[in-house]
Each structure stands twice: as C-alpha cells, then as structure tokens.
Amino acid sequence: MGSPWIRYSAILVILATCVGCDQVTKHIARQQLDGRPPRSYFSDVVRLVYAENPGAFLGLGGGLPPGARWALLVVVNAVVAGGIAAVLLWHSKMPWLRAAACALLLSGAVGNLIDRVRFDGLVIDFMNLGIGPLRTGIFNVADVAITTGAVLLILPQLAPGRSQPEPAEAG
C-alpha cells in the first residue's frame, strides 16, 4: 500500500469515516426512530426501526448475565480491537486489500464498543432489509463495516486459481 504514511492515512480515513458514519446514524436513529413506528422505503425492502441490542450479532449472548455479557461484549471486543490495531500498525507489508479489510473490522468493533460503553452494554441498531417474509436482523453501520471486512478477508481465499504456498523442502 505504498509508503507507511499513505498506508496509515488510508487506514485512518477508513476508521474515521466508518466510525463517524456509524455514530452519526445511531444518533439520528435515537432522535428520529426511538419510540416511533418503523419507517418503510422502496416497497418495504428497507425498514428503519429502532432497537437496543444487548447481545452481539443478531442478539447472540443477549440473555447472558450482565457481568458475563459485559466481559464478553466489551472486554473481549476491546482486546480484539486492540489486536487488530496492532496488526495494522506492525504489519506494514500487509497487502492493501487485507489492510482495508482489517480497518473495516476495527471500525465496526470501535463503533459498537462506543455504544456499549455509552449505553450500559447496549448497541443501537436501526436498519432492516428484506423482501416479503425474508428479512435480515436489525443492524447498524458498524455491522456493515464488520461484514464487509470479513467478506474482503474471506473472498480472496476462495478465489479459483489461488496459488498455494510451495511445500517446504525436506531437510
């Protein structure tokens, strides 16, 4: 990804943009959607509906006791985010696509971590997509960043013709 300054600048732009969009949209959702009926757009393909999620993705872990939930969803999230940040800082030769994917993962983790600290362990969710009875769970911009980052990490591994590492020579 070029010089380290270009690389770190690009990572910071991804972080600032994603975390900023996440926090601004959650603020708007709290102001405009909390306590109001869902809003539907594009023949109900897009619904905006306010939800406070005590769990992780799709509410997983939301039923855990508060202390266990805090440890899992705040402490572990912070440790993982710190690990991703360390990888981004110390692996300057990482391919640009992988670095962008890690920056997206970090952005989503930070966005949701901010919520958990601000809102007593809750994350604000407000988007829902679907056609007819086929619908996603309710999610937010941080979740989109995490999902996009994960897809960008996984897809290159699935590409046909991906070169395999050379086997080590027997010594």
note = Of ASN128, ASN140, ASN112, the most mobile residue in a GNM of the chain (C-alpha springs, cutoff 10 Å) is ASN128
remark   = Here, LEU58 and TRP5, labelled 7 Å along Cα→Cβ, have an inter-label distance in nm of 4.6
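Let me check I've understood the local charge: for SER92, count other residues with C-beta under 14 angstrom from its C-beta, Lys and Arg +1, Asp and Glu -1. What total comes out? Kindly include the intermediate steps, with their values, before the conclusion.
Values: positive: ARG7, LYS93, ARG98; negative: none.
Here the count lands on +3.
Each reported figure results from applying straightforward, stated rules to the coordinates on display, with no laboratory input. Everything numeric in this text was worked out from a predicted model, so none of it was measured. Please note: Cβ atoms are built from the backbone with ideal geometry, for glycine as well, and neighbour counts cover all protein chains shown.
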